[in-house]
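Some notes on the structure that comes next.
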Amino acid sequence: MILHNLPISWKAKKINLLLASYIFYAAWNPPFILLLWLSTVVDFFVGRALYTQENVAKKRLLLVISLMGNIGMLCFFKYGGFILENFVDLVNLFGVNYHPAKPNIILPAGISFYTFTTLCYTIDMYYKKSQPVKSLLDFSLFVTFFPHLVAGPIVRPPQLVPQFETEHKATMKNIMDGLLLLTFGLFIKVVLADAFLAPTANEIFGATKALPAIDAWMGVLAFSGQIFFDFAGYSTCAIGVAMCLGFALPQNFRFPYAAIGFTDFWRRWHITLSAWLRDYLYIPLGGNRKGTVRTYANLMITMLLGGLWHGANWTFVVWGGLHGFYLWVEKFLRDIFSKRKAQPEVEAITVTDRTPSLGFIYALLTFFLVNVTWVFFRAGTFHQAWTMLGSMFGIINGGEPMLTTMSIIKVWSIVTIMVVTHWWMRSTSLLQLAYKVPFWLVSIGWAAMLVALALSQESTSSFIYFQF
């Protein structure tokens with residue numbers, strides 16, 4: 001930040017940011033910078049050619065080159081072992097004794113995020129939805145800008161590139177707001193996710209046998225809070241760091257556990273991914289324009305692929321499929337209610353602002369169903385997932401309790417406060433709240449978070465979404 005505020009040219013500052021971003025990425029695994037650089041250069045020149053090319057056949061060829069480069073790279077590094085494993089299982093099913101050596105493929109950090117970032121650029125160039133980026137430096141900085149590089153938010157060129165074209169310098173308000181967001185993001189990640197909730201989630205999901213229902217539920221609730229605090233914590237840090245440099249990144253979370261239904265949930269959870277899937281997958285498939293059957297199919301395809309994006313495991317596909325099923329049910333009920341919207345009870349369901357207590361009940365139901373899906377997201381195998389679900393709903397008799405009373409109280413208290421806070425804050429933001437309360441109260445809260453961070457350093461672990 002000091003170098004960024006030196007009295008040097010704007011181009012020199014951008015080069016400084018680009019080098020800082022490469023160094024940031026190289027700190028994990030230096031050779032993979034080549035992949036990042038290759039994706040950047042190819043899509044910059046392919047995108048420019050796509051925008052100017054009038055020949056339809058050549059235009060499609062250029063788009064295929066970009067898709068093959070990005071998706072091919074993603075498939076090899078992220079899904080290579082998964083594809084091989086399933087191929088082996090398939091041929092063995094037909095009696096072919098095929099057992100190849102296990103591939104030793106290292107997953108590059110953030111590959112799912114920066115491939116989606118560059119893909120949206122070439123697709124936009126194909127449809128001429130925006131102007132091509134004029135400078136390779138600006139495009140390179142857009143792709144590699146270190147706050148969003150490894151775990152989002154997934155940024156589109158019109159959201160960030162114009163900010164690189166003209167000089168940006170953070171005001172004192174930007175810096176203070178950014179530092180507050182950075183502190184808050186680290187607090188919910190390090191203290192709430194890692195120190196308070198991760199030990200319980202790891203202990204329960206590490207069990208090899210059935211559990212008492214209360215232990216199983218506490219483990220799932222702990223993970224529900226952990227993954228929100230972890231991922232929202234990273235996104236908040238990214239937005240805060242960018243703000244300290246004078247740049248604005250899009251919001252990625254909007255208190256998702258206050259969602260009323262699953263359409264609302266995906267407008268609040270990982271907003272940039274859900275918007276990407278909507279604009280570059282669901283709508284191109286036909287969206288809701290091809291009739292009811294196609295709409296349901298498009299919803300499910302989108303959610304299944306969204307699940308697979310998160311990890312090379314069938315449990316992630318089931319996680320996405322469950323969300324697709326929930327969206328099916330929600331759409332079916334909405335279609336029925338829309339035909340009977342004159343009835344008072346239906347109006348009460350659709351106009352939740354007039355009935356906040358009813359809305360809160362629906363939000364709790366949504367949260368309950370979301371927790372069921374988190375079982376498949378967290379479990380490493382289907383056997384573990386079924387055992388966990390059986391324990392949660394009393395289908396399988398549990399064994400000896402694993403959690404202490406204090407652990408149960410800790411998880412229940414944090415998750416309850418989290419859900420209530422989400423409902424209370426569902427229509428506002430942290431910064432808007434900070435502007436409304438007295439400065440001395442913000443200072444006390446800020447100081448308390450810094451003290452908690454200092455006392456929790458030994459419990460930190462990498463962000464969950466780094467593996468995606």
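The values are calculated or read from the model by the stated rules, or taken from the named source; none is laboratory data. Predicted model, so just to flag it, every value in this text is computed and none were measured. Backbone-built Cβ (ideal geometry, glycine too); neighbour counts: all protein chains shown.
Scanning the stretch 282-310 for residues that are closer than 16 Å to residue 329 by Cα and part of a loop (DSSP other than H, G, I, E, B) turns up just one, 288. Evaluate the following for residue 101: is it part of a loop (DSSP other than H, G, I, E, B) and either outside the structural domain of residue 313 (by TED's automatic domain parsing) or farther than 27 Å from residue 305 by Cβ (or both)? Considered against the rule, which asks whether it is part of a loop (DSSP other than H, G, I, E, B) and either outside the structural domain of residue 313 (by TED's automatic domain parsing) or farther than 27 Å from residue 305 by Cβ (or both), residue 101 comes out as yes.
Against the numbered list (1) surrounded by fewer than 21 Cβ atoms within 10 Å (Cβ to Cβ); (2) more than 30 Å from residue 164 (Cβ to Cβ), residue 284 comes up short only at (2). Going by what's in this entry, would residue 276 be described as in contact with a helix residue (DSSP H, G or I) (Cβ under 7 Å, 6 or more places away or on another chain) and more than 30 Å from residue 356 (Cβ to Cβ)? So residue 276 passes the test. None of 336, 349, 361, 395 is on the phi < 0 side of the Ramachandran plot, of a type outside the set (Gly, Ala, Ser), at pLDDT below 95 and outside any helix (DSSP H, G or I) except 395. So is residue 65 under 30 Å from residue 124 (Cβ atoms) and either touching a Lys or Arg at 6+ places or on another chain (Cβ under 9 Å) or without any contact (Cβ under 8 Å) to a residue 40 or more places away in the chain (or both) or not? It is true that residue 65 is under 30 Å from residue 124 (Cβ atoms) and either touching a Lys or Arg at 6+ places or on another chain (Cβ under 9 Å) or without any contact (Cβ under 8 Å) to a residue 40 or more places away in the chain (or both). Can you find a residue in the stretch 20-39 that is over 26 Å from the mean Cα position of the chain (by Cα) and in a helix (DSSP H, G or I)? Checked the stretch 20-39: no residue is over 26 Å from the mean Cα position of the chain (by Cα) and in a helix (DSSP H, G or I).
Scanning the stretch 1-19 for residues that are part of a helix (DSSP H, G or I) and either acidic (Asp, Glu) or without any contact (Cβ under 8 Å) to a residue 40 or more places away in the chain (or both) yields 3, 12, 16, 19. Residue count for the stretch 221-232 under the criterion of being within 14 Å of residue 430 (Cβ to Cβ) and over 11 Å from the mean Cα position of the chain (by Cα): the result is 1.
Across the stretch 402-446, the number of residues qualifying as outside any helix (DSSP H, G or I) and within 30 Å of residue 208 (Cβ to Cβ) comes to 3. Of the residues examined, residue 16 is one that is under 30 Å from residue 172 (Cα atoms) and more than 27 Å from the chain's Cα centre (by Cα). Scanning for something surrounded by 13 or more Cβ atoms within 10 Å (Cβ to Cβ), modelled with pLDDT under 85, part of a helix (DSSP H, G or I) and hydroxyl-bearing (Ser, Thr, Tyr), does the stretch 63-84 turn up at least one residue? Yes, the stretch 63-84 contains at least one residue that is surrounded by 13 or more Cβ atoms within 10 Å (Cβ to Cβ), modelled with pLDDT under 85, part of a helix (DSSP H, G or I) and hydroxyl-bearing (Ser, Thr, Tyr).
Run down 255, 223 and say which single residue is on the phi > 0 side of the Ramachandran plot, touching a helix residue (DSSP H, G or I) at 6+ places or on another chain (Cβ under 7 Å) and either crowded, with 21+ Cβ neighbours inside 10 Å or in the same structural domain as residue 151 (by TED's automatic domain parsing) (or both). From the options 255, 223, the qualifying one is 255.
Within 18 Å of residue 145 (Cβ to Cβ), surrounded by 12 or more Cβ atoms within 10 Å (Cβ to Cβ) and of a type in the set (A, V, I, L, M) - does that describe any residue in the stretch 40-55? Give the derivation first.
Within the stretch 40-55, the subset within 18 Å of residue 145 (Cβ to Cβ) is 40-41, 43-44, 47.
Keeping just the survivors that are surrounded by 12 or more Cβ atoms within 10 Å (Cβ to Cβ) gives 40-41, 43-44, 47.
Going one step further and asking which of them are of a type in the set (A, V, I, L, M), we end up with 41.
So far as the stretch 40-55 goes, yes, one or more of its residues are within 18 Å of residue 145 (Cβ to Cβ), surrounded by 12 or more Cβ atoms within 10 Å (Cβ to Cβ) and of a type in the set (A, V, I, L, M).
Kindly establish whether residue 58 is surrounded by fewer than 21 Cβ atoms within 10 Å (Cβ to Cβ), over 22 Å from the mean Cα position of the chain (by Cα) and either in the same structural domain as residue 245 (by TED's automatic domain parsing) or not in a helix (DSSP H, G or I) (or both). Criteria not met by residue 58.
Determine whether the stretch 379-387 contains at least one residue that is under 13 Å from residue 216 (Cβ atoms) and either assigned to a loop (DSSP other than H, G, I, E, B) or not assigned by TED's automatic domain parsing to the domain that holds residue 196 (or both). Walk me through it before giving the result.
Keep residues of the stretch 379-387 that are under 13 Å from residue 216 (Cβ atoms), which gives 379, 384-387.
Still in the running and either assigned to a loop (DSSP other than H, G, I, E, B) or not assigned by TED's automatic domain parsing to the domain that holds residue 196 (or both): 379.
Yes.
So which residues in the stretch 412-435 are free of Cβ contacts under 8 Å to residues at least 12 places away in the same chain, farther than 15 Å from residue 364 by Cα and not aliphatic (A, V, I, L, M), if there are any at all? Result: 413, 427, 428, 432, 435.
In the set (1) of a type in the set (Val, Ile, Thr); (2) more than 21 Å from the chain's Cα centre (by Cα); (3) buried (at least 19 other Cβ atoms within 10 Å of the Cβ), the condition left unmet by residue 175 is number (3). Here residue 130 meets the list (1) over 18 Å from the mean Cα position of the chain (by Cα); (2) part of a helix (DSSP H, G or I); (3) among the polar types (S, T, N, Q) almost entirely, failing just condition (2). Every condition in (1) within 24 Å of the chain's Cα centre (by Cα); (2) exposed (fewer than 12 other Cβ atoms within 10 Å of the Cβ) holds for residue 436 except the one numbered (1).
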